[in-house]
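Nothing in this text is a laboratory measurement; each read-out follows from the coordinates by a stated rule. If you're wondering where the values come from, they're calculated on a predicted model, not measured in any experiment. In this analysis, Cβ positions are derived from the backbone assuming ideal geometry, glycine residues included, and neighbour counts consider all displayed protein chains.
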Amino acid sequence: MTYFPEEVVEHIFSFLPSHSDRNTVSLVCKVWYQIERLSRRAVFVGNCYAVRPEHVVLRFPNVRALTVKGKPHFADFNLVPPDWGGYAGPWIEAAARGCVGLEELRMKRMVVSDESLELLARSFPRFKVLVLISCEGFSTDGLAAIASHCKLLRELDLQENDVEDRGPRWLSCFPDSCTSLVSLNFACIKGEVNSGSLERLVARSPNLRSLRLNRSVSVDTLSKILVRTPNLQDLGTGNLTDEFQIESYFRLTNALEKCKMLRSLSGFWDASPVCVPFIYPLCHQLTGLNLSYTPTLDASDLTKMISRCAKLQRLWVLDCISDKGLQVVASSCKDLQELRVFPSDFYVAGYSAVTETGLVAISSGCPKLSSLLYFCHQMTNDALITISKNCPNFIRFRLCILEPKKPDAMTNQPLDEGFGAIVRESKGLRRLSISGLLTDKVFMYIGKYAKHLEMLSIAFAGDSDKGMMHVMNGCKNLRKLEIRDSPFGDVALLGNVANYETMRSLWMSSCNVTLKGCQVLASKMPMLNVEIMNELDGSSEMEENHGDLSNLSKVEKLYVYRTTAGARDDAPNFVKIL
Amino acid sequence: MASAGESGDGADGKGVTTITIISSDNEAFEVLEAAASMSLTIRHLIEDGCADGGIPLPNVTAGILAKVLEYCSKHVAAVAASSEAGSSSNAADAAAAPEKEEDLASFDKAFIDVEQDTLYDLLMAANYLEVKGLLDLACQKVADMIKGKTPDAIRQTFKIKNDFSPEQEEKIREENQWAFE
């Protein structure tokens, strides 16, 4: 094999799509390391602080697609203080210096500035794909730079970002020569866009397959756009209020009928029940439906639509669908694989829109269900046991009972047995979020059965350090562990420190770990960054406590991750790296 | 000895041009020009008029050359058949197209199921002769032998010496695991 010319070895490597296999071949011998690093086209960095951006670019100068993730997942629940970090700037700057062939950049939970977007737009002549998920720190001016300068742009996909609105100008910045768009998603942009510019942009984008509009786009505009996009596969509507012109109604229904390739639908902002029947002709061909931004539709409107979607595989919906609505889903959508039920903003005490009944119905009607996110106000062990047997193929199971420590609604017992059944039956489970009243026993089950578990989220659960120890000792494939408000302390933290080398990160907030415990961890495991964060008042308090007691003070927030980069130099003053 | 440009007589009377290819151990193979032209290297030689008297390939032995030419002949016939089916208004022909694709796929699968040494020789020959389909097929097969294995297992399979020091290897392994997975 060593007599193969390098281009042959490189060609063989091109048939290894997984990062893991590419990492493996880089270790075989020095020549393979060189060939691999110079030919790697896609680089995935799961934690932006695990490696220096300059080093990534030095090792992989020919990278075309870079993915970087920043803040820990609990940032989504506002548990990570603002200004914690996760800055995109150093990554874009390093890439601009070291790999100008970059074509694709995907970032999640990072802080991106307009200056960085400007640099991005000007530095990479072949840039094609920008995906920003749950990012912040930029405005529509940054988007204007991207639109203006990325002449080959194919995808601009903005999901759930917090973007400062500086007016509609950005969309008009796509030059007339830009005809390459395949995917445009600006659903999270809060402000208006110029409908004429939007219509013209769509008209000159014959390859457009995915288009997600924001709330400001009217039915009238939508109707004009859809006439131009018969090959659209994924559509996020604008607002669907009942204020529109009658010609728009006809145009819309005609256009929708021609969209034979449309498989996925979202948006439905401010949807009026009057508008929903427009969608009916499409329902039979839909595989994905996201109604989670539509509190204006009630269970009856929702079920009238969903009952027509026999091919549905993915459904995101608000809990106003109710248990009865979920029963309709169960009897209509036999191919359902992914379900997310989100909480509506209002909660009337004692009234639960969805309960264990709805979920049991789903499990019995949809045996292919493999991915679940379910917000509710009550659950029972019996229900979970039934669900576990009906659906043994869960890969992701996230149950969020909104009231902390809520017991079984029938028996008042902890929900240990129910979750135990889930991990026992779904042998391929990779992601789990648990909630409700839970003792150390549930962790014993998780450690014993969840052998493929990669990510575990714990809130208000467990009795003692033993709980966390079960997980640390049993879940050999664990990558991310995030815990809040649970009674785990230094013993658990230090119980199996070797694990932290094989895990991407550990988050613990409002638990019982102390400063001393964290210091011991940091000294035993020098390859970890042990970040502690106390509330701004708390940090000065820690400085002032000079006595022995200071070491026993509890750490409010702890974030531990392995890194090749050492302590980061951009930490704010409320973050202490031990 | 047949040479390039001479027309043989096909059974239907249509002219079919054949080419002679000569292996490194002096065995001669007569094949359709269309099949031989699946090798870019050979195609260029034909176009440059160097094919008279046969094309010598000093780097490819008879055994391997026979296999490469078998691949090319099978694939060139498949291309001809599918273009016939495409231009034919016969519904049966059109319906048979996916089946023929399946035939080709199972031919490829069986074809590349060979001993490791033969696989390497095929790979080198496909690279030298620039037969893209065969090169991809052979590379995919080798890649399949790599997938999911540890570095040590790969070294054993391909008889490669580990020239990293333990410290170097550890450093790369850590970086791979901590940063890039």
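Which FRET efficiency, nearest 0.05, do A:GLU501 and B:ASP144 yield, Cβ-Cβ r, R0 22 Å?
Result of the calculation: an efficiency of 0.15.
On each of the three principal axes of the Cα atoms of chain A, give max minus min coordinate, whole Å, ordered largest first.
Projected onto its principal axes, the Cα set of chain A covers 76, 64, 57 Å.
How would A:TYR33, A:TYR249, B:TYR71 line up from fewest to most surrounding beta-carbon atoms within 10 angstrom?
The most exposed by this proxy come first: A:TYR249, A:TYR33, B:TYR71.
Between the alpha-carbon centers of the range A:246-273 and the range B:110-181, tell me the distance in whole angstrom.
Comparing the Cα centres of the range A:246-273 and the range B:110-181, I get a distance of 51 Å.
Give the residue from A:MET468, A:LEU312, A:VAL80 lying farthest towards the positive end of the charge dipole for the protein assembly as shown; charges sit on Cβ (+1 for Lys and Arg, -1 for Asp and Glu) and the dipole is referred to the Cα centre.
Value computed over the given set: A:MET468.
How big is the range A:460-518 in terms of Cα radius of gyration and Dmax, in angstroms?
10.5, 28
What whole-number value in cubic angstrom gives the convex hull volume per residue for the C-alpha atoms of the range A:91-222?
Convex hull volume per residue, Cα atoms: 88 Å³.
From Cα pairs below 8 angstrom and at least 6 apart in sequence, can you work out the relative contact order of chain A, rounded to a whole percent?
Across chain A, relative contact order equals 6 percent.
Averaged across orientations, what area in nm² does the convex hull of the alpha carbons in the range A:372-429 project?
It is 3.5 nm².
Given the -39500 (n - 2.57) contribution per DSSP H run of 4+ residues, what per-residue ellipticity at 222 nm results for the protein assembly as shown, rounded to the nearest 500 deg cm²/dmol?
Result for the protein assembly as shown: -11500 deg cm²/dmol, rounded to the nearest 500.
Based on the Cβ-Cβ distance of B:ALA110 and B:ALA62, what FRET efficiency does E = 1/(1 + (r/R0)^6) give at R0 = 22 Å, to the nearest 0.05?
With R0 = 22 Å, the Cβ-Cβ based efficiency is 0.55.
Averaged over peptide B:131-144, how many Cβ atoms belonging to another chain are found within 10 Å of each residue's Cβ?
Counting Cβ atoms of other protein chains within 10 Å of each residue's Cβ and averaging gives 3.
Give the calculated FRET efficiency between A:ARG169 and B:GLU47 to the nearest 0.05, with a Förster radius of 51 Å applied to their Cβ-Cβ distance.
My answer for the efficiency is 0.35.
Restricting to chain A, what percent of DSSP beta bridges are antiparallel, rounded to 5?
The answer is about 15 percent antiparallel.
Would you work out the relative contact order for the range A:42-133, in percent, from Cα pairs under 8 angstrom that are 6 or more residues apart?
It rounds to 30 percent for the range A:42-133.
Pairs A:LYS406/A:LYS557; B:LYS74/B:LYS100; B:LYS67/B:LYS141: which are spaced more than 21 Å apart, C-alpha to C-alpha?
Table pairs above 21 Å Cα-Cα are A:LYS406/A:LYS557.
Along the Cα→Cβ direction, 7 angstrom out, place labels at A:ASP570 and A:GLU6. What is the inter-label distance in nm?
About 3.3 nm separates the two model spin labels.
Using a 7 Å offset from Cα along Cα-Cβ at A:MET410, what residues in the range A:350-375 end up with backbone N under 19 Å from the label point?
A:352-365
Within 10 Å of each residue's Cβ, count the other Cβ atoms and sort A:THR411, A:THR563 from fewest upward.
Result, fewest neighbours first: A:THR411, A:THR563.
Once you charge only the Cβ atoms, +1 for Lys and Arg and -1 for Asp and Glu, what is the size of the charge dipole of the range A:263-409 about its Cα centre, to the nearest 20 debye?
Once rounded to the nearest 20, the dipole reads 560 debye.
Modelling each spin label as a point 7 Å along the Cα-to-Cβ direction, I'd like the B:VAL79/B:SER24 distance in nm, to one decimal.
Computed distance between label sites B:VAL79 and B:SER24 equals 2.7 nm.
Need the list of aspartates and glutamates near A:LYS368 for cross-linking: C-alpha distance under 18 angstrom, and skip anything on the same chain fewer than eight residues off.
Partners found: A:ASP335, A:GLU338, A:GLU425.
Extending each Cα 7 Å along its Cβ direction at A:GLU192 and A:GLN519, get the distance between those two points in nm, one decimal.
The answer from the label model is 6.0 nm.
Given contacts defined as C-alpha pairs under 8 Å and at least six residues apart, what's the relative contact order of the range A:164-229, whole-number percent?
38
Cross-chain or 8 or more residues apart, Cα under 13 Å: how many lysine pairs in the range A:417-499 fit that? Count them up, please.
5
As a footprinting exposure proxy, order A:SER344, B:SER23, A:SER272 by other Cβ within 10 Å, with the fewest listed first.
In increasing order of surrounding Cβ atoms, one gets A:SER344, A:SER272, B:SER23.
Within straight cross-link reach of B:LYS161, meaning Cα distance under 18 Å, which lysines are found once same-chain residues fewer than 8 apart are removed?
Answer for B:LYS161, where 18 Å is the Cα cut-off: A:LYS30, B:LYS149, listed by chain and number.
Straight-line reach from A:LYS108: which aspartates and glutamates have a Cα under 17 Å away, not including same-chain ones fewer than 8 places off?
A:ASP76, A:ASP83, A:GLU136, A:GLU155, A:ASP157, A:GLU160, A:ASP162, B:GLU181
Please give the length that would be gained between A:GLN34 and A:PHE15 if that part of the chain were fully extended, namely 0.36 nm times their separation in residues minus their C-alpha to C-alpha distance (nm, one decimal).
5.1 nm is the gain from fully extending A:GLN34 to A:PHE15.
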